[in-house]
Amino acid sequence: MKIIYSKKFEERYHTNPVENPDRARLPAQELEGREFVEPMPARLEDVSKVHSPEHIEMVRKKGMLEPALLAAGGACLAAELAIAGEPAFALIRPPGHHASSNHAWGMCYFNNMAVAIKKIEDRMEEDQIEGRAGKVLIIDIDLHFGDGTVSIFRWDENVKIVNVGSIDMGFDYLKLNRNGYLDQVEKALELHNFDLVAISAGFDTYMEDWGGLLAVEDYREIGRIVRVGAEKKCAGRRFAVLEGGYHPDLRLCVKSFVEGFE
Ligand SMILES: [Zn+2]
């Protein structure tokens, strides 16, 4: 199990003040003693498979090209390790799941997850993992619907996305309890076939954060459910990338998830 991290994720840049350097710094402290790997920035060529030239230019004009490329590079490294059989958690910022091809909001710039999946998709097909074309299951556990990721992969039949807590239009989040949430994660892994499982790991569903639902130990259970599901169906190939999560306890939630996931 590798933790993808760079000191550069602790830099301050112009964004919503809740998306601050402590979101990376404190979880990294909490994970000390584990194996950290430093990512390279994503190549523009790889980002261009997901985002339009106009969008990339907009990110550049906002002065966010460098941090956004490094975050995407962190997700790419996590995905590459995962298909090589090594689970990974990318402790990166800025987050990405609200970034679609030509638009981004919610403190996102590039869709880190999508850049990573597009980068390895071709290789998974070449390698013909277990004799099949590469199928990816993305489970998004952030409080917010990962609209950017859904929009990017809407025509890609090899990528299945499950947004936990917002499975259908009529779903009432307020009626969801902790066990119901964990059941949804378990069902996602049971119902689908995949060669790789990728987690958009937002922690804002935490009980002291905006979502007000999950306890610290629930993240350990989510990590465990995903690990067991991956071991059963895809030789354990799995990785996670940080999305949201804004309470100072983020560090505990991340640690708890990693302990279940590794
Ligand atoms: Zn969120």
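Against the conditions (1) open to solvent by 10 Å² or more (accessible area, probe 1.4 Å); (2) modelled with pLDDT of 75 or more; (3) within 16 Å of the ligand (Cβ to nearest atom), where does Tyr173 fall short? Just the number, please.
(2)
Restricting region 103-112 to residues that are in a loop (DSSP other than H, G, I, E, B) and surrounded by fewer than 24 Cβ atoms within 10 Å (Cβ to Cβ), which is farthest from the ligand (Cβ to nearest atom)?
Kept after step one, since they are in a loop (DSSP other than H, G, I, E, B), are these residues of region 103-112: 105-111.
Those left that are additionally surrounded by fewer than 24 Cβ atoms within 10 Å (Cβ to Cβ): 105-107.
Numbers: Trp105: 11, Gly106: 7, Met107: 9 Å.
In this case the residue turns out to be Trp105.
Scan region 1-41 residue by residue and report those that are open to solvent by 10 Å² or more (accessible area, probe 1.4 Å), assigned to a loop (DSSP other than H, G, I, E, B) and within 16 Å of Glu259 (Cα to Cα).
Those that are open to solvent by 10 Å² or more (accessible area, probe 1.4 Å), assigned to a loop (DSSP other than H, G, I, E, B) and within 16 Å of Glu259 (Cα to Cα): Met1, Glu32, Gly33, Arg34.
Given (1) within 16 Å of the ligand (Cβ to nearest atom); (2) at pLDDT below 95, identify the lone condition not met by Asn179.
Among (1) within 16 Å of the ligand (Cβ to nearest atom); (2) at pLDDT below 95, Asn179 violates only (1).
Hey, can you tell me all the residues within region 219-247 that are open to solvent by 10 Å² or more (accessible area, probe 1.4 Å) and within 16 Å of the ligand (Cβ to nearest atom)?
Result: Tyr246, His247.
Restricting to region 182-217, what's the tally of residues that are within 16 Å of the ligand (Cβ to nearest atom) and either not in a strand (DSSP E or B) or not aromatic (Phe, Trp, Tyr) (or both)? Walk me through how you get there before you give the answer.
First, the residues of region 182-217 that are within 16 Å of the ligand (Cβ to nearest atom): 199-214.
From the residues that got through so far, the ones that are either not in a strand (DSSP E or B) or not aromatic (Phe, Trp, Tyr) (or both) too are 199-205, 207-214.
Final tally of qualifying residues: 15.
Going through region 87-102 one residue at a time, which ones are within 15 Å of the ligand (Cβ to nearest atom) and part of a loop (DSSP other than H, G, I, E, B)? Step through it out loud before you land on a result.
Of the residues in region 87-102, the ones within 15 Å of the ligand (Cβ to nearest atom) are 92-99.
Within region 87-102, Ile92, Arg93, Pro94, Pro95, Gly96, His97, His98 meet the criteria.
With of a type in the set (A, V, I, L, M, F, W, C) and at positive phi as the only criterion, which of Met124, Met107 stands out? Walk me through how you get there before you give the answer.
Details: Met124 fails: at positive phi.
None of the other options fit; the residue is Met107.
Examine region 68-82 for a residue that is within 20 Å of Ala28 (Cβ to Cβ), in a loop (DSSP other than H, G, I, E, B) and of a type in the set (A, V, I, L, M, F, W, C), and state whether such a residue exists.
no
Taking Glu262 as the residue in question, decide whether it is at pLDDT 95 or above, more than 16 Å from the ligand (Cβ to nearest atom), under 21 Å from Ile4 (Cα atoms) and open to solvent by 20 Å² or more (accessible area, probe 1.4 Å). It would help to see each step written out before you state the result.
Details: at pLDDT 95 or above: yes; more than 16 Å from the ligand (Cβ to nearest atom): yes; under 21 Å from Ile4 (Cα atoms): yes; open to solvent by 20 Å² or more (accessible area, probe 1.4 Å): yes.
Answer is yes for this residue.
The values are calculated or read from the model by the stated rules, or taken from the named source; none is laboratory data. Since this is a predicted model, take the numbers as computed values, not measurements. A quick note on method: Cβ atoms are made from the backbone with ideal geometry, for glycine too, and the neighbour counts reach across all protein chains shown. To get the accessible areas, we keep the full protein, side chains included, count just its heavy atoms, and leave off ligands, DNA and RNA. Shrake-Rupley method; radii C 1.70, N 1.55, O 1.52, S 1.80 Å.
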